[in-house]
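Everything on this sheet refers to the single structure shown next.
The values are calculated or read from the model by the stated rules, or taken from the named source; none is laboratory data. Being a predicted model, the structure only gives us computed values, none of them experimental. Please note: Cβ atoms are built from the backbone with ideal geometry, for glycine as well, and neighbour counts cover all protein chains shown.
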Amino acid sequence: MSSDFCTADSNLAVSETLTDAAIVQSVSADNAAGESTSAAGAGDNDDDNGGDDDADDSREHTAVSTADAMNALAVLRDWLECNTTGDNNGFDHVAELENFIITCRPKQQTSITDFFRNATA
């Protein structure tokens with residue numbers, strides 16, 4: 001019974017109160033240690049996320065043209081023709097995407113004289 005009293009607080013975490021300077025020093029040391037280990041293992045792909053972070057950072061995002069998007073839909077339509085069995089839902093979705101791309105493409109402003117040329121022709 002007396003041993004229970006003596007060990008009642010043995011599982012408690014005991015530490016001193018840290019000052020702001022001590023916290024900054026601790027964080028700086030952790031960051032420096034993290035940078036040195038990441039530099040040492042830069043060739044390793046054993047990240048917790050599967051190593052995808054490096055690939056995402058190095059890939060640049062380029063604007064895709066309307067023609068490229070339409071070509072991608074043509075490839076998707078070809079794939080659907082070869083891999084679907086009577087279900088037209090895929091084709092319906094591709095058609096919706098095609099209509100969306102057409103409405104989103106940049107429009108070129110025409111002059112008023114073009115209207116009158118087309119009306120008299």
Residue match in the range 13-31 (condition: at pLDDT below 65, part of a loop (DSSP other than H, G, I, E, B) and surrounded by 10 or more Cβ atoms within 10 Å (Cβ to Cβ)): no
Subset of the range 72-121 (residues that are at pLDDT below 85 and small (Gly, Ala, Ser)): 86, 111, 119, 121
The range 32-67 - residue that is modelled with pLDDT under 70 and touching a helix residue (DSSP H, G or I) at 6+ places or on another chain (Cβ under 9 Å) and, of those, farthest from residue 98 (Cα to Cα): 42
